[in-house]
Structure formats: C-alpha cells, structure tokens
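The values are calculated or read from the model by the stated rules, or taken from the named source; none is laboratory data. This structure is a prediction, so every number in the text was calculated from the model and none was measured. Every residue, glycine among them, receives a Cβ derived from its backbone with ideal geometry; neighbour counts consider all protein chains shown. Surface accessibility is based on the protein's heavy atoms, side chains included, excluding ligands, DNA and RNA. Shrake-Rupley method; radii C 1.70, N 1.55, O 1.52, S 1.80 Å.
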Amino acid sequence: MTGSPRTPKSFQEILMRLQAYWAAQGCAVLQPYDMEVGAGTFHPGTTLRSLGSKPWAAAYVQPSRRPTDGRYGENPNRLQHYYQYQVLIKPSPPDLQALYLGSLEAIGIDMDLHDIRFVEDDWESPTLGAWGLGWEVWCDGMEVSQFTYFQQVGGHDCKPVSGELTYGLERLAMYVLGIDHVMDMPFNDPQSPIPLTYGDIFRQTEQEYSRWNFDQADTEMLFQHFRDAETECERILAAPVRDKAGRAIIMAHPAYDQCIKASHLFNLLDARGVISVTERQAYIGRVRALAKKCADAFVQTEAGGGNPVEAA
Amino acid sequence: MPDLLLELFSEEIPARMQAKAREDLKSLVTNGLVEAGLTYASAGAFSTPRRLVLSVEGLSAQSPALKEERKGPRSDAPDAALEGFLRSTGLTRDQLELRDEKKGQVWFAVIEKPGRAAPEIVAEVVEQVIRSFPWPKSMRWGAGSLRWVRPLHSILCLLTDETGAEIVPLTVDGIAAGNTTEGHRFMSKGRFAVSSFDDCRAKLLKAHVVLDSAEREARIWHDATTAAFAQGLEVAEDKGLLAEVAGLVEWPVMLMGAIPERFLDLPPEVLQTSMKEHQKFFSVKNPRTGRIEKFVTVANRETADHGETVLKGNLKVLSARLSDAKFFWENDLRTVKTVGMEGMAAGLANVTFHNKLGSQADRIARIEALAREIAPLVGAPPDLAAEAARVAKADLQSAMVGEFPELQGTMGGYYARAAGLPEAVAAACKAHYSPLGPSDDVPTEPVSVAVALADKIDTLTGFWAIDEKPTGSKDPFALRRAALGVIRLLLGSGVRTGLIGTNAPIGKARDLHGIHETASGPSGADVNELLTFFHDRLKVFLRDQGIRHDIIDAVLAMPGNDDLTLLVKRAEALSAALKTEDGANLIQGFKRANNILTQAEEKDGVEYSFGADEKFAEGPEEKALFAALDRAEAAIVPAMKAEDFTAAMSAMAALRAPIDAFFTAVQINSDNPVIRRNRLNLLHRIRATCAQVADLTKIEG
C-alpha cells in the first residue's frame, strides 16, 4: 500500500488519529462514559445501543479499570487503569474488516511490512449476558484488537447484528511506537516544551490504586454498595411512571448505571480476594440478572426500537 | 459430463473447524446430488481461512426421466372420489386413462416426471446445504438472517463442460452466484473470473493462495525442517499444531527466530507450551544440548523486508510471554523452597473437587490414606507413597499450572525436586496421572504406581457412590479411562490383590468415602456393579490383545475374579489352550458331556454328583476315562493352587482323547439303570474337573 502516513510520535497522536479515522467513516465520536467500567463494551453506547432495530455507529475512547490487573506500575504491560478504543456499527457493514484494516494504516502500521491475521476468538461476557463470534486480530503475532459480531446482549438476540471493534490502546501504541515498557511511552509529542510520558501521568496512580484495590478498600463498605446498587437498579425498573400522554417513562439508563456500579464493585471485591470460588459465580449471576433487566427495559424504549405507549 | 466447481468465500473460518467443514461440504452436496438423481465420478473438497471449495467431476448433465403409474377409483365411483384423485395427482380428467380391469373400468394416472437439468438441481442442493450447514457454531451478520460460520461474501458456482462454463443460477440471501473470486487479502488485488476447478486452483496460486491445506502443511514442514537441519537443529513434531497453522494462512511463509538467552533455562515443557498455546510457534531443539533454542513461526505473507519486521514483532511478543513464564517459574520455586510442596498445596482446601466429593484437599487426604494401603501390594514404602500422594497435586496451586493447566504434574516434578524431595516422590507428581490413554506408557516405579492406583480408585469409588456413572457416549469424569488405567497399572506391575473385599483397595476407598456396606442395600450392590464395570473395561482391553470375550466370561465364573492379574493369567492360559487342537476338541467333548448330563438331570430331577464307581465301568474306554480323570484331577488341583494355569489347562486338554474315545465306544443311556447312573455320575466328574479350571459352558462355538 502506498502513502502510509508517517509514524505517529505519541500515545495521544494514535488516539487522535483513530478518532479522526472513524469520524471520517461516519461514526459519531462519543466521549468516555463517566463511570468506572471494566471495558469499553460497558458504555451504554455499546451495551444498550447494540439492542433493538435502530441503526447506530459510534466510536469512543473508554478508560477501563480492572483492579486485579494492577501491578503497582512495575509490569511493562499490565495496568489496572487503561484505555480501550471502541467502535460499534449496527448493522455491521459488509466491509467492516477492510474498514478496520484502514484504521491500522491510519495509525502508521505499514501493510507491506506486517503480518495481520484474524484468529478465532469468540467473545462472551457472563456479567452482561452477552456473546458474539469473531476474532482476535494479530499483528506479527501480537493481539492488537478484538473483532466481534454481537449475537446476543442481555439475553436478547441482536437484530440486526452489530460489529464491534475493541483496540487495547496501550499495547497497540507501544507496538507502533516501539516501546518496551508502558511507563516509558511518550504521552504527548516528545518534542513538546513539556514532554510527558505515560509514567509521568500514571505511575503514581497505578501505585496508589494497586494498594487500595488489593489491600485497603473497605470490603464491608463495598459489599454494602453492591447491595445498594442492586436494590436501586431493581427499584428503578419496577416503578415506571407515566407522562401526560400516557407514555411510560422507562428509566433504562439510570438503572443500567446501577448495573455498571454493581459490576465494578464486584471487580473490586474480587481483587480484595474476599469472594470465594463458589460465591464468584453467584455474584456474576446477580450482575447478569441486572444487565438482563436493563436490556429488557431498554428494548421497550424509543431508542431501543420499542413502542413506549404499548410498553405501558 | 460437466464438472461442478463451488467456492464459498467468507471472512476467516476458524482453523479448527476447517477439516470437518471440508468433509461436510463434500458429503452433503454429493449426497444431495445423488438423491436428486445425478451421478458423479469423483469429488474433492478444499479449504483456506477464507474459502471452502468443492470440485465434483463427471456429473451427469441431467437426472433421468421417471414414469409413475397410479391407480385411481373405478369409473362408477362417486364424483368426489375422482376429484380427490385428480387433486392428489395434479392432473385433469382428460389426462387420465380408463383401463379395463376384472371388476370393471378403472381410472389410471400416468405421471411422467421429466429429467431435470444439472444446473437446476445443483442450485437447489447448494442452497439447501448452505442454509443447513452443520457448523459447530454459526452466526448472523448485518441485517440478514442467513447463518454461516462468519459473514459469507460470495459464491462461485460453475458447471463446466467441453462447450464452456455456465454459472449455476443461485441466489442465497441476496448473494448471487458468479464466476469470480479473489486472491490473498494483502498480496493480491481485485476479483478475477475462473472457468473450471483447475483454472481456479492455478489462478489462486498466482494470486498467492495455496488452496490445498495438505500442500500448505507440506510447504511449512519442508521449509521448517530444512531451515532447522541447516543449523543442526530439529523441529519438534506436532501434527495438531501444523494443521492449525495451515488453517490460519493462505500463503505460508516460514520464519525462524532465536529464543533470547535469558529464557533458555526455563523447563523445555514450559517453553514449548507457552510458544504453542499463545503464539502457535513450533519449538526447535538443539539435539546436542537437548534444549529448545529456536522457534518457527508461520506468517501469512511475504513482506517488503523479507519478514524482518514480522519476526521482530513476534519476538517481542515472545519475550513478554516468556517474561511472564519466568516470573511464574521463579515465584513458584521461591514458594516451594520456603514453605515446601505442602505449603504450596495449602490453598487446595478452598478448591472444590466436586460438590458431593469435597475439596481437592479432602480428595488428596483420601488418596494419601489409600496410597499407604496400596503401597505394600506394589512394593512401595508406605511412607514414601503417602508423601508422594500428599504433594502430587500441589502444583495445581502453582502460578505456572494456573497459566498452563496442561503442565500439571510436569511442574510438580520440577518443584518437588527443587524442594529436595526424594526422586520417587518427584517422579510420582507427573507419573500418577498416567496412563492417560490406551497407548500412553504405564508407570512401573512402585511409588508412582501406588499413587496412580490410589488416585484412580478414589475417583471411581467416589463417582460411583454419588451415582455419576458413564452412560452411552457420556463420560464427563473420564471414568472409563480411569478404570482402564487401573487395569493397565495392575497388569503392568503384576499386582496381586483382590479389589472389592473389605481390606482390598476399593473396600478401603469406600471406607474413606464413608460408604457403608449393607447386606442388601444399594451401596452393597454398587461394589459388584463397579466390579462389573472393571470386567467390561477388561474385556475391551483384552479384545485388543486378541483374547475373545467368551474366554474372559469363562474365567470370570471362577472364584477370586476381582483379582485382575489372576483373571488375565487364567484367560491367557485358556486362550492359549483353546488354540491347540486338543483344547479346541475338548470343548466339543465337554459340551457333549455337559448337554447329556444337564438333560438327564432335568428329566430325572436329581443332580448326579454322587461320584462314579469304577467297578461299574465296562470296556477299556470307560476304564481309561476313569484313569484319565484321576490323572487330570491329580494334576489340576496342585497346578491351580500354584496358579500354574498352563499346566492346569494342558491337564484338562489331555482329557480330550479319553472323552472322545469314551463317547465313541459307550452308550450313556444304558438299559441297566445302575450303569446309566454311574455313567451320568462320570460325566459329572468331567464337568467338575473342568470347572476347577474355567466355566467352559461360556465358550462359544
């Protein structure tokens, strides 16, 4: 391929190129969801919008938290807080693979030099009651993205099917920039008046959060918050209110916020090591039950392609 | 005779599904064509990550015309009957024929089904096959409802004969069949038309696609072994990995790289497993050092810099993965050196083995107690066997086995040695899982045998007790494999023990599981059922060794049949005896004696077990039989006692000639009731003498 753009200089340049690329493909460039989530999939722009019949095309960065992956900032590849880049297009376009490969070129991966492969990797989220088929995408043997055709979310068949792309931004950027330790990666242009590395921004936070996640978080409080989130989610969904036109006002999004909270609280409790192997399945089941109820509610709303008058 | 070419072009098909998909495509399409009345000469199916291709040669151009006659109502039947007949045949009244039959005139329908042209049939069959293809997992995409393994993009479907190629008229969910395809995703541009299978294959090759997976495998293996040979190295053979890798590429390009020095002291199993599982690399060994020093990766393309960037990238991933492995290895070593194997195993108390059979720690405690009991039977020091059982599964808690479950046992061996445990204990960590399959090696080191037996017998007894037995093809806990393992371990070491008695291994295992024997209760029955399960597995095992199942049945009837080593010795001796002429003929004589005796006993309502008296014997043959039986009994009793089954069998087989001579010369049913009774009692002696060796009534033929 000719005219490959020059190699980017920084983490943020890669991120901005992805934003520009997917904007040019017609995606609404959303902003990160303002809650703690484990992956970009939890953003309502994916979970809820992949449901129902309405077409959708969105791309966004999502800061993601996986408390058990914290390594006090010492591991070259593992972080408890990292960034995912997420694209969701419904229905999945026939040229989605080509569009995806275009995005790799846009961030400076020269197709004439690299070996890109689509290796079977089916995706399943037990907490979201969701699954799909697709691949992990390998660039020279490194997994750089997850590519999934959603088949079910929250227990509902996806019709039409959404195509989802998830890029692990740090890993991808480290590869493009040729960096071996994530903390050494230039966050902004190294030629800037004040150059900042990833470590300048995140080394201390990784240390602080690793300590809190693993050793300090008040587990009694976390258990209580989990129960509160669960209770509130169910309460919101059980009590729809009508407007003057007789339409049910279904509060799918506020309920889903509580589901997201419960999921993250579970992850924190897991990192604290206070959930036994047998309890683990039960907790995952409780979060899934919430996700399913939120999905049930969302498909009755206008955005979910439902008819709120009938939903009453 | 046209040839059919079909290509189903899609996004990347999982490598593991391709082989079955090829077979399914071939059989489903050809079966469909044959059912529709077409014939063909030969067929072949091919796959790459992005396509399934079928070539059918010598297809008939159309199906034969068929003529069907159906008999309708009589001409004087009510109108309704005739209307019904017209509806069912789809004909009108003037198309029917009236024929004279014995009972009057009858309406006949002659339905001619004209032959159908191949394109029409192919279109129907292919659409049907696509819509019902048995993928292990399939999906929808976009706004459509068609299911395929991944999005299906195009269908190439041609019938080619001398006059040229014709596109088969076929549309599936908006995808119309055509005569074009495309080549390699990166090394080829645009679509091109093809006219036949050979043309397609040749043009694909030009477009950097090797259509045949066997050819891709051959290329990869050739290139890898050649490169390794040139450096005095060897590629570790792995057929499964080769097939998988060949299913990931359309244009295989072999690249070899070196494992960084700092990882070379990792155990070779760790290097090999990590490289295979994570990156699908082949391991390259240095035969002089026995170490894995290099790797082979297979890219899907040639690149401008001849693979340099690709190899560098792969190496970077390898280093990250092996850094993890090294971290696990060093951490685990530190653990066993500070708290020992038992310290590493501590967490197993929190790991459930089965919710009705307790935790892994509970299970290990049972295996330990049982191994201590079994140890003397196999010549192992009980304390050592107990220690081995206690630590053999400790590595389930290691970081390395957490990452690579398939290294269970192997890592335990390394860690036990690092912890300074005796070699017999370290070896048992891996060996106690063996034998894993019918062709796997059987451990013979006594400590390993004791732990392996204890582990498997605990599993079998436990799952039997909670009624989780194998049924049909379902055996989720691999109990058949465990039973075969026990059999092979016992036979391999010639272990002499009954299995089910109170003090025998299964009896002890039942105690440890808290199963209590009741006279007639279900758990009392269970143990015999479990023994029968062992006997069934033994039959399968011995059948493969060439010993017939009826021979095993004949020896199963003997006492002590829960001692499998004894049982097999008997079966082998009987099998060998029956292969001799005397042995084979003895069966006939025995059966004759037994049949006459059984009939007489039924008729007379008595059992002729009073002992025959030689003084009533008439003629030399009868007297000779008395003498022969005396000799046989004198030989058989001590031989059986000494477990010299070959001697016992040949003593029994020596009865053949006297028995044959006796039957030739003597009439059993003599008019003299005293002599008749005496002869029946003599036949009983034959039966009783043979019964000391085996139950010959079970022998077939």
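Looking at region A:122-169, which of its residues are touching a helix residue (DSSP H, G or I) at 6+ places or on another chain (Cβ under 8 Å), open to solvent by 10 Å² or more (accessible area, probe 1.4 Å), within 29 Å of residue B:308 (Cα to Cα) and touching a residue at least 60 places away in the same chain (Cβ under 8 Å)?
Within region A:122-169, just A:166 meets the criteria.
Of all the residues that make up region B:301-322, how many are at the interface with chain A (Cβ under 8 Å from one of its Cβ atoms), within 19 Å of residue B:283 (Cα to Cα) and among the polar types (S, T, N, Q)?
The qualifying residues number 1.
Among the residues of region A:107-121, what is the count of those that are more than 7 Å from chain B (Cβ to nearest Cβ), open to solvent by 10 Å² or more (accessible area, probe 1.4 Å) and touching a Pro at 6+ places or on another chain (Cβ under 7 Å)? Working first, answer last.
So the first thing to find is which residues in region A:107-121 are more than 7 Å from chain B (Cβ to nearest Cβ), and the list is A:107-110, A:116, A:121.
Of the ones still in play, those that are also open to solvent by 10 Å² or more (accessible area, probe 1.4 Å) are A:108, A:110, A:121.
Narrowing further to those that are touching a Pro at 6+ places or on another chain (Cβ under 7 Å): A:108.
So the count comes out to 1.
Would you be able to tell me the number of residues in region A:218-247 that are surrounded by 14 or more Cβ atoms within 10 Å (Cβ to Cβ), of a type in the set (A, V, I, L, M) and modelled with pLDDT under 95?
Adding up the residues that qualify gives 2.
Which of (1) of a type outside the set (Val, Ile, Thr); (2) free of Cβ contacts under 8 Å to residues at least 40 places away in the same chain; (3) part of a helix (DSSP H, G or I) does residue B:189 not meet, given it meets every other one?
(3)
Would you point out which residue out of B:253, B:310 is at pLDDT 95 or above and either polar (S, T, N, Q) or under 27 Å from residue A:182 (Cα atoms) (or both)? Walk me through it before giving the result.
Numbers: B:253 fails: either polar (S, T, N, Q) or under 27 Å from residue A:182 (Cα atoms) (or both).
One residue alone meets the criteria, B:310.
Can you tell me how many residues in region B:1-45 are open to solvent by 30 Å² or more (accessible area, probe 1.4 Å) and closer than 26 Å to residue B:246 by Cα?
The number of residues fulfilling the criteria is 10.
Under 7 Å by Cβ, and 6 or more places apart or on different chains, what pairs join a residue from region B:1-26 that is away from chain A (no Cβ under 14 Å) with one that is in a loop (DSSP other than H, G, I, E, B) and open to solvent by less than 10 Å² (accessible area, probe 1.4 Å)?
As it stands, the answer is B:1/B:59; B:2/B:59; B:3/B:59; B:4/B:59, since those pairs meet every condition given.
So how many residues does region A:147-191 have that are away from chain B (no Cβ under 11 Å) and at positive phi?
2
Any idea which of B:365, B:325 is in the same structural domain as residue B:506 (by TED's automatic domain parsing) and either of a type in the set (A, V, I, L, M) or over 36 Å from the mean Cα position of the chain (by Cα) (or both)?
On the way: B:325 fails: in the same structural domain as residue B:506 (by TED's automatic domain parsing).
None of the others qualify; the one that does is B:365.
Just checking, does region B:687-694 include any residue being open to solvent by 10 Å² or more (accessible area, probe 1.4 Å), part of a helix (DSSP H, G or I) and β-branched (Val, Ile, Thr)? Step through it out loud before you land on a result.
Residues of region B:687-694 open to solvent by 10 Å² or more (accessible area, probe 1.4 Å): B:687-688, B:691-692.
With the extra rule that they be part of a helix (DSSP H, G or I), the set shrinks to B:687-688, B:691.
Remaining after also requiring β-branched (Val, Ile, Thr): none.
No, region B:687-694 contains no residue that is open to solvent by 10 Å² or more (accessible area, probe 1.4 Å), part of a helix (DSSP H, G or I) and β-branched (Val, Ile, Thr).
For region B:545-566, which residues satisfy the criterion of being touching a Gly at 6+ places or on another chain (Cβ under 9 Å) and under 23 Å from residue B:655 (Cα atoms)?
Scanning region B:545-566 gives a single hit, B:550.
Test residue B:55 against the stated conditions and say whether it is away from chain A (no Cβ under 14 Å), surrounded by fewer than 18 Cβ atoms within 10 Å (Cβ to Cβ), under 33 Å from the mean Cα position of the chain (by Cα) and not aliphatic (A, V, I, L, M). Steps first, please.
Numbers: away from chain A (no Cβ under 14 Å): yes; surrounded by fewer than 18 Cβ atoms within 10 Å (Cβ to Cβ): no; under 33 Å from the mean Cα position of the chain (by Cα): yes; not aliphatic (A, V, I, L, M): yes.
Here the answer is no, as residue B:55 does not meet what is asked.
What pairs come out if I take residues in region A:233-246 that are in contact (Cβ under 8 Å) with a residue 12 or more places away in the chain and pair them with residues that are part of a loop (DSSP other than H, G, I, E, B) whose C-beta lies under 7 Å away, six or more apart or interchain?
Pairs found: A:236/A:251; A:240/A:250; A:242/A:312; A:246/A:312.
For region B:144-177, what are the residues that are closer than 15 Å to residue B:192 by Cα, under 39 Å from the mean Cα position of the chain (by Cα) and buried (at least 21 other Cβ atoms within 10 Å of the Cβ)?
B:155, B:156, B:157
Answer yes or no as to whether residue A:33 is of a type in the set (Phe, Trp, Tyr), closer than 21 Å to residue A:201 by Cβ and either assigned to a loop (DSSP other than H, G, I, E, B) or open to solvent by less than 60 Å² (accessible area, probe 1.4 Å) (or both).
On the way: of a type in the set (Phe, Trp, Tyr): yes; closer than 21 Å to residue A:201 by Cβ: yes; either assigned to a loop (DSSP other than H, G, I, E, B) or open to solvent by less than 60 Å² (accessible area, probe 1.4 Å) (or both): yes.
For residue A:33, the condition - of a type in the set (Phe, Trp, Tyr), closer than 21 Å to residue A:201 by Cβ and either assigned to a loop (DSSP other than H, G, I, E, B) or open to solvent by less than 60 Å² (accessible area, probe 1.4 Å) (or both) - is met.
Quick test of your reading of the structure: residue A:175 fulfils all but one of (1) within 30 Å of residue A:93 (Cβ to Cβ); (2) among the hydroxyl-bearing types (Ser, Thr, Tyr); (3) open to solvent by 70 Å² or more (accessible area, probe 1.4 Å). Name the failing condition by number.
Of (1) within 30 Å of residue A:93 (Cβ to Cβ); (2) among the hydroxyl-bearing types (Ser, Thr, Tyr); (3) open to solvent by 70 Å² or more (accessible area, probe 1.4 Å), only one is false for residue A:175: (3).
Restricting the search to region B:237-266, which residues are touching a Pro at 6+ places or on another chain (Cβ under 8 Å) and either open to solvent by 20 Å² or more (accessible area, probe 1.4 Å) or not in a helix (DSSP H, G or I) (or both)? Give the steps one after another, and end with the answer.
The initial filter retains those residues of region B:237-266 that are touching a Pro at 6+ places or on another chain (Cβ under 8 Å), namely B:245-250.
The answer is B:247, B:248, B:249, B:250.
Residue check: is residue A:278 open to solvent by 60 Å² or more (accessible area, probe 1.4 Å), at pLDDT 95 or above and either within 30 Å of residue A:188 (Cα to Cα) or of a type in the set (Val, Ile, Thr) (or both)? Let's see the steps before the verdict.
On the way: open to solvent by 60 Å² or more (accessible area, probe 1.4 Å): yes; at pLDDT 95 or above: no; either within 30 Å of residue A:188 (Cα to Cα) or of a type in the set (Val, Ile, Thr) (or both): yes.
Judged against the criteria, residue A:278 is not a match.
Name the one entry in A:66, A:71 that is open to solvent by 50 Å² or more (accessible area, probe 1.4 Å) and away from chain B (no Cβ under 13 Å). Break it down into steps so the answer makes sense when it comes.
Values: A:71 fails: away from chain B (no Cβ under 13 Å).
Within the list A:66, A:71, the selection yields A:66.
For (1) within 14 Å of chain B (Cβ to nearest Cβ); (2) aliphatic (A, V, I, L, M); (3) closer than 19 Å to residue A:130 by Cβ, each residue gets a yes or a no:
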{"position": "A:233", "(1), (2), (3)": "no, no, yes"}
{"position": "A:244", "(1), (2), (3)": "no, no, no"}
{"position": "A:249", "(1), (2), (3)": "no, yes, no"}
{"position": "A:257", "(1), (2), (3)": "no, no, yes"}
{"position": "A:289", "(1), (2), (3)": "no, yes, yes"}
{"position": "A:292", "(1), (2), (3)": "no, no, yes"}
{"position": "A:295", "(1), (2), (3)": "no, yes, yes"}
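Looking at residue A:99 and the list (1) within 14 Å of chain B (Cβ to nearest Cβ); (2) open to solvent by less than 10 Å² (accessible area, probe 1.4 Å), which single condition is not satisfied?
Only one criterion in (1) within 14 Å of chain B (Cβ to nearest Cβ); (2) open to solvent by less than 10 Å² (accessible area, probe 1.4 Å) is unmet by residue A:99, namely (2).
Considering every residue within region B:363-380, establish whether at least one is within 14 Å of chain A (Cβ to nearest Cβ) and among the hydrophobic types (A, V, I, L, M, F, W, C).
First, the residues of region B:363-380 that are within 14 Å of chain A (Cβ to nearest Cβ): none.
Looking for residues that are within 14 Å of chain A (Cβ to nearest Cβ) and among the hydrophobic types (A, V, I, L, M, F, W, C), one finds none in region B:363-380, hence no.
Scan region B:53-68 and give yes if some residue there is under 30 Å from residue B:241 (Cβ atoms) and out of contact with any Cys (no Cβ under 8 Å at 6 or more places or on another chain), otherwise no. Walk me through it before giving the result.
The initial filter retains those residues of region B:53-68 that are under 30 Å from residue B:241 (Cβ atoms), namely B:53-55.
Checking which are out of contact with any Cys (no Cβ under 8 Å at 6 or more places or on another chain) leaves us with B:54-55.
Within region B:53-68, one or more residues are under 30 Å from residue B:241 (Cβ atoms) and out of contact with any Cys (no Cβ under 8 Å at 6 or more places or on another chain).
For a quick check of your reading: which helices (runs of 4 or more DSSP H) sit entirely within region A:226-312 and have at least 1 residues that are under 20 Å from residue A:213 (Cβ atoms)? Steps first, please.
Working: elements: A:252-271, A:277-298, A:308-311.
Answer list for region A:226-312: A:252-271, A:277-298.
Condition first: out of contact with any helix residue (DSSP H, G or I) (no Cβ under 9 Å at 6 or more places or on another chain), assigned to a helix (DSSP H, G or I) and surrounded by 20 or more Cβ atoms within 10 Å (Cβ to Cβ). Can you find one or more residues in region B:275-284 that meet it? Steps first, answer last, please.
So the first thing to find is which residues in region B:275-284 are out of contact with any helix residue (DSSP H, G or I) (no Cβ under 9 Å at 6 or more places or on another chain), and the list is none.
There is no residue in region B:275-284 that is out of contact with any helix residue (DSSP H, G or I) (no Cβ under 9 Å at 6 or more places or on another chain), assigned to a helix (DSSP H, G or I) and surrounded by 20 or more Cβ atoms within 10 Å (Cβ to Cβ).
Based on what the data block shows, is residue B:98 part of a strand (DSSP E or B) and exposed (fewer than 14 other Cβ atoms within 10 Å of the Cβ)? Show your work before the answer.
Values: part of a strand (DSSP E or B): yes; exposed (fewer than 14 other Cβ atoms within 10 Å of the Cβ): yes.
Yes; evaluated as a whole, the condition is true for this residue.
Is there a residue in region B:605-627 that is assigned to a helix (DSSP H, G or I) and among the hydroxyl-bearing types (Ser, Thr, Tyr)?
Let us first name the residues in region B:605-627 that are assigned to a helix (DSSP H, G or I), namely B:614-616, B:619-627.
Now drop any that are not among the hydroxyl-bearing types (Ser, Thr, Tyr), which leaves none.
No.
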